[in-house]
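Some notes on the structure that comes next.
Bear in mind these aren't lab numbers, they're just calculated from the coordinates by the rules spelled out. Predicted, not measured: the structure shown is a model, and the values here were computed from it. FYI the Cβ positions are ideal-geometry reconstructions off the backbone, even for glycines, and counts take in every protein chain you see.
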Amino acid sequence: MARNIQSLERAAAMLRLLAGGERRLGLSEIASALGLAKGTAHGILRTLQAEGFVEQDSASGRYQLGAELLRLGNSYLDVHELRARALVWTDDLARSSGESVYLGVLHQQGVLIVHHVFRPDDSRQVLEVGAMQPLHSTALGKVLAAYDPVAHSEAAEADWPALTTRTVVDPDDFEGVLDMTRARGYASDVEETWEGIASVAAPIHDRRRMPVGAVGITGAVERVQKDGELRPDLIAAVRDCARAVSRDLGAGRF
C-alpha cells in the first residue's frame, strides 16, 4: 500500500487550521497547533504563499487563506448550477432590455460564454455558447478582471490586441478602468471589441461573496446608448439581474 506524502499532509493540515479560525494566525501559533518546528512550518507556509494558497499580512506578519485557494473552492460551484440559477433572470433581462444577454466565466485568459439569450426580435442570430471573448476589452472581461484576482492576473498576462481604435491597451489605463468598474459596480464596452456594438456587464457572486461570473447585455450602440451615454435603465437592469442571480447563489444583499 502506497504511503502518504508527509509534506502534503502537513500542508493540508495547515490549510484546514487557517480555514477553521476567524482570525489570522502567526507562525508560532501554527507551528504549535500542528506540532511542527517553526522552520518546517515556515517552509510550508512560504511554499503555500508562493502558490497563492496563503497570504501574509504585511503589518502583523500573520497568515490567512489566499485568493487562489478560494478560487479553487469556487470550482465546486459547477458552471451548470450557475447557468441554472441564471436562466429565469437572464430571460427576464433579455425581455426587458430588448438585447442579447450573455453569461460568462473566466477560462484560459478569456471569458467563456456559458449561456446566451437571443435578442427578443425576429432577427437572425447565432448561438454563442462556448465562444471565447477577450478579458481586456469586453464588459464581461473587465468585470471579471476587476473583481476576481485570478482573472486580473490572467488579463495582465494575456495579449492585448487593439481590436478597434477605442480598445484600451495601456496597462495603467486598464487599471483605471478596473478601478472605475469596482466603484460603480458595472463595466462597459462601447466599440472597444466590435465596431458599432456596445455592452454593459455586472458581477455575480456566490455565498462567500466571491466572483463566479458576469452577466451582461450586448447590442447596437444606437440602442444601448442615448445622447452619447449608456442608458441608465439598461445599466440598472443588468445590475438587478446580477444581484438576483447572486442572491440565488446565497450571496445575500449587495
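The table for this structure:
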| item | result |
| --- | --- |
| Longest segment of the chain lacking GluC sites (Glu not before Pro) that sit in a DSSP loop with at most 16 other Cβ atoms within 10 Å | 52-127 |
| Cα-based Rg and Dmax for segment 113-214, where Dmax is the largest Cα-Cα distance (Å) | 13.9, 42 |
| Value in Å of the Kirkwood radius, where segment 86-143 supplies the Cα pairs that are averaged | 11.9 |
| Cα centroid separation - segment 144-165 against segment 177-209, whole Å | 12 |
| For segment 114-195: relative contact order, % (alpha-carbon pairs under 8 angstrom, 6 or more apart) | 32 |
| Three-way shape label, segment 164-250, alpha-carbon gyration tensor, a/c 1.5 | oblate |
| For the chain, convex hull of alpha carbons as volume per residue, Å³ | 162 |
| P(r), alpha carbons of segment 63-159 - 5 Å bins starting at zero, rounded % | 2, 13, 19, 22, 20, 12, 7, 3, 1, 0, 0, 0 |
